[in-house]
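Chemist: Please see the structure below; I have some questions.
The values are calculated or read from the model by the stated rules, or taken from the named source; none is laboratory data. Values in this document were obtained by computation on a predicted structure and should not be read as measured data. Using ideal geometry, Cβ is built from the backbone for each residue, glycine included, and neighbour counts are taken over all protein chains shown. Ligands, DNA and RNA are excluded from the accessible area calculation, which covers all protein heavy atoms including side chains. Shrake-Rupley method; radii C 1.70, N 1.55, O 1.52, S 1.80 Å.
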Amino acid sequence: MSTRDFAAQHGAEVNMHGGFYIRGKAHSIMKKMHVAEKYIQAKNRGEQRPNHTRIAQQCQVSRGFVSKIEAEILSNGQQILTPEEIRAATDRPGLPGANSLTDLDRFILVLLLEEKPYRLLRNYQQWLLYFTGTNVSTETISRFLKQGLPHKGSLVKPNLIPLDKFKIENEIRAYEFLNVLRTLKTWKVIFGDEKSLKGEEFYSKRVRRNPVTGMVASILTGADFRNKYSITGFCSINSDKSVPVWFRIHKQSNDANEFMRTIKIAVEEGYFDEYDVLVLDNAAIHDEEMVRWLWKTKKVLVLFLPTRSPEFNPIELIWRHLVSTLFSYPIDEAQRKYPSTSDLPALVSRDILEEVTFDIVEKCFKKCFAFITEKLNDRDRN
């Protein structure tokens, strides 16, 4: 019988150093004294800070447990507290077992986060020690940022904002656009945009390394997994339209001619009604010929977004929904549904966009229009 099997029969587990422990139960006072003895012996030998890993191996405990004993020794001299004494001290900041961070510590951490959202945990630790004298582990700071506030403060990809967005002339155009937009009937407004889709966005799944063998699994892909696709889409909350999101996926790059071809297909399929307002960005492919043709053919007015203002376009949220769903879409399910094809990313993208409902589009509209209203209110207050 293995050591782990023997421990399991008695409700225990075995740590990486061969020591027994019961999850949720504290070590005995004798075990704590054993660890403290090894720690103090190392200090007496002249070690400025004893090696926690070596002590953990000698005492068959976890490295984290050695760190807790070190904290007790530094806080109370060489006195080791019993579990009962620790529980009694939980409301007294600064003692072992107490909440590691005070309200002031938490306030400082939030200020540091606001100042530099990209700072490293080690940097939080150094500045917290400088401002309040509190010395806690980077794990404690990470746990607070992820669990101690209304939203999970994990590291995420930032929003990239070009500096020229804040030029005075661009700000003026933005407010002019917003003023025009709020005078329109929302159900008559159609937002359009293009999305470049790479096959790798579908195949680039994260897999977990096999903890037994250390091997990383492979994923079978189509022969042309690096294919690139272009998607042109329009969205509306007008439930009289056939679909909430009209789109076209093709392999050609999007130029003015290709965009004009897409517009004509959408008109032929009846997506545009008279006196609709189509909102587009300032891409070069949205040329004057297309604007004139839409007005002459269908009486559709084209309104251009301000420079660097994708946040005003709800279809950007539809693209975000597409990419996130595509990233988590099971490859084996797609391969069973569409065998013998190298265009899986395009076919799966089509399925995802076809499942977008008017409710989803309306939520995207509301989110963008709430931002627009807030921006206008800020200007009025100033």
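Chemist: Got a number for residues in region 112-134 being exposed (fewer than 11 other Cβ atoms within 10 Å of the Cβ) and either within 19 Å of GLN147 (Cβ to Cβ) or not acidic (Asp, Glu) (or both)?
Modeler: Adding up the residues that qualify gives 6.
Chemist: If you check VAL361 against the conditions, is it closer than 24 Å to LYS185 by Cα, without any contact (Cβ under 8 Å) to a residue 24 or more places away in the chain, β-branched (Val, Ile, Thr) and not in a strand (DSSP E or B)?
Modeler: No: the conditions fail for VAL361.
Chemist: Quick one: how many residues across region 312-328 are over 16 Å from LEU278 (Cα atoms) and either open to solvent by 60 Å² or more (accessible area, probe 1.4 Å) or touching a residue at least 40 places away in the same chain (Cβ under 8 Å) (or both)?
Modeler: Of the residues in region 312-328, 11 are over 16 Å from LEU278 (Cα atoms) and either open to solvent by 60 Å² or more (accessible area, probe 1.4 Å) or touching a residue at least 40 places away in the same chain (Cβ under 8 Å) (or both).
Chemist: Take the residues in region 150-184 that are in contact (Cβ under 8 Å) with a residue 24 or more places away in the chain and of a type in the set (Gly, Ala, Ser); name whichever of them is surrounded by the most Cβ atoms within 10 Å (Cβ to Cβ).
Modeler: Only one residue tops the list, namely ALA174.
Chemist: With the requirement that a residue be exposed (fewer than 14 other Cβ atoms within 10 Å of the Cβ) and touching a helix residue (DSSP H, G or I) at 6+ places or on another chain (Cβ under 7 Å), what does region 135-147 give you?
Modeler: ASN135, THR138
Chemist: Is it the case that some residue within region 337-357 is polar (S, T, N, Q), open to solvent by 40 Å² or more (accessible area, probe 1.4 Å) and free of Cβ contacts under 8 Å to residues at least 60 places away in the same chain?
Modeler: Checked against the condition, which is being polar (S, T, N, Q), open to solvent by 40 Å² or more (accessible area, probe 1.4 Å) and free of Cβ contacts under 8 Å to residues at least 60 places away in the same chain, region 337-357 yields at least one hit.
Chemist: With the condition kept exactly as written, say whether any residue in region 220-230 is within 18 Å of LEU353 (Cα to Cα), at pLDDT 85 or above, open to solvent by 70 Å² or more (accessible area, probe 1.4 Å) and in a strand (DSSP E or B).
Modeler: The answer is no, given that none of the residues of region 220-230 is within 18 Å of LEU353 (Cα to Cα), at pLDDT 85 or above, open to solvent by 70 Å² or more (accessible area, probe 1.4 Å) and in a strand (DSSP E or B).
Chemist: Hey, TRP246 hits all of (1) of a type outside the set (A, V, I, L, M); (2) more than 26 Å from ILE360 (Cβ to Cβ); (3) touching a helix residue (DSSP H, G or I) at 6+ places or on another chain (Cβ under 8 Å) but one; which does it fall short on?
Modeler: (2)
Chemist: Might you let me know whether region 257-267 holds any residue that is open to solvent by less than 40 Å² (accessible area, probe 1.4 Å) and in contact (Cβ under 8 Å) with a residue 40 or more places away in the chain?
Modeler: Scanning region 257-267 turns up at least one residue that is open to solvent by less than 40 Å² (accessible area, probe 1.4 Å) and in contact (Cβ under 8 Å) with a residue 40 or more places away in the chain.
Chemist: So, VAL291, is that one of a type in the set (Val, Ile, Thr), within 20 Å of VAL180 (Cα to Cα), part of a helix (DSSP H, G or I) and open to solvent by less than 70 Å² (accessible area, probe 1.4 Å) or not?
Modeler: yes
Chemist: Taking the residues in region 22-49 that are outside any helix (DSSP H, G or I) and over 44 Å from the mean Cα position of the chain (by Cα) as candidates, determine which candidate is surrounded by the most Cβ atoms within 10 Å (Cβ to Cβ).
Modeler: Residue satisfying both the conditions and the ranking: ARG45.
Chemist: Mind checking which residues of region 258-276 are aromatic (Phe, Trp, Tyr) and out of contact with any helix residue (DSSP H, G or I) (no Cβ under 7 Å at 6 or more places or on another chain)?
Modeler: Answer for region 258-276, where residues must be aromatic (Phe, Trp, Tyr) and out of contact with any helix residue (DSSP H, G or I) (no Cβ under 7 Å at 6 or more places or on another chain): just TYR271.
Chemist: Any residue at all in region 278-299 that is on the phi < 0 side of the Ramachandran plot, touching a Lys or Arg at 6+ places or on another chain (Cβ under 7 Å), of a type outside the set (A, V, I, L, M, F, W, C) and without any contact (Cβ under 8 Å) to a residue 60 or more places away in the chain?
Modeler: no
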